[in-house]
Amino acid sequence: MKSTTRGTLAAVVTGVAAAMGAAAVTPAVAAEKVPVPVPLDGVGRALNLQTPKIAGELPVPMPGGPEGPRYVEGRLLPDRAVPRLPVGAGLPGAGLRTPLPNLLGHGFDHLGADAPAADLTTLTPGLAADTPLSAPNPDHYGLPDLKLPQAAVLGPLLKTVPGANVGMGEGD
């Protein structure tokens, strides 16, 4: 094999290997929000009128890592027997723009409302429990003492800040 043929073959193999390596390293990124258009163009054309423009956004829930158990001195079970799972998502967003007839002249004015998707942080309910036995007591030859059992439900948590804008203007 000539040196030019070997060089060309090596360049092709190197290029293919680099392309495969780049494709394998690049992770797939999930979308945080999915747009949801509402197609009303056909209605407007069929009825020969201006239709509102409506669109929305649906958030995609993304689970997070659970809180780990906390070990407390003097208890046999960890503080959070069933950990709370954080889920990050958002409230759905919506956009509306509808034409209004202009009473003083030709054309249309519009009324618009925009409620963007708001971030939402949540924690699922959890459980904290303790046994009716204490830690080993050296005064009783290492046997545990009896105590009242304890159980607590950790309530869910929701945090968000929604907002909306409403306005009127000229144009369609």
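The values are calculated or read from the model by the stated rules, or taken from the named source; none is laboratory data. A quick note: this is a predicted structure, and the numbers were derived from the prediction, not measured. Ideal geometry is used to build each Cβ from the backbone, glycine not excepted, and the neighbour counts take in all protein chains shown. Quick note on the areas: whole protein, heavy atoms, side chains included, nothing else; ligands and nucleic acids left out. Shrake-Rupley method; radii C 1.70, N 1.55, O 1.52, S 1.80 Å.
A few remarks follow.
- Figure legend. Inter-residue proximity from the stretch 38-52: first residues at negative phi and in a loop (DSSP other than H, G, I, E, B), second residues at pLDDT 85 or above and open to solvent by 80 Å² or more (accessible area, probe 1.4 Å), beta-carbon distance below 7 Å, spacing 6+ or different chains. Indicated pairs: Pro52/Arg97.
Here is a yes/no grid of residues against (1) touching a residue at least 24 places away in the same chain (Cβ under 8 Å); (2) under 27 Å from Val72 (Cβ atoms); (3) surrounded by 10 or more Cβ atoms within 10 Å (Cβ to Cβ):
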site	(1), (2), (3)
Ala129	yes, yes, yes
Ala135	yes, yes, yes
Ala151	yes, yes, no
Pro156	yes, yes, yes
Lys159	yes, yes, no
Pro162	yes, no, yes
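- The stretch 53-88: number of residues that are part of a loop (DSSP other than H, G, I, E, B) and either farther than 30 Å from Val34 by Cα or hydroxyl-bearing (Ser, Thr, Tyr) (or both): 14
- Lone unmet requirement of (1) open to solvent by 40 Å² or more (accessible area, probe 1.4 Å); (2) over 33 Å from the mean Cα position of the chain (by Cα); (3) modelled with pLDDT of 80 or more for Glu170: (3)
- Looking across the stretch 46-72, the residues that are of a type in the set (A, V, I, L, M), open to solvent by less than 70 Å² (accessible area, probe 1.4 Å) and farther than 26 Å from Leu111 by Cβ come down to Val60, Val72.
- Lone unmet requirement of (1) open to solvent by less than 60 Å² (accessible area, probe 1.4 Å); (2) closer than 30 Å to Leu158 by Cα for Leu96: (1)
- Val87 satisfies every condition listed in (1) at negative phi; (2) surrounded by fewer than 12 Cβ atoms within 10 Å (Cβ to Cβ) except (2).
- Selection status of Thr98, in contact (Cβ under 8 Å) with a residue 40 or more places away in the chain, part of a strand (DSSP E or B) and among the hydroxyl-bearing types (Ser, Thr, Tyr): yes
- Residue match in the stretch 23-30 (condition: of a type outside the set (A, V, I, L, M), more than 15 Å from Pro92 (Cβ to Cβ) and either modelled with pLDDT under 75 or exposed (fewer than 10 other Cβ atoms within 10 Å of the Cβ) (or both)): yes
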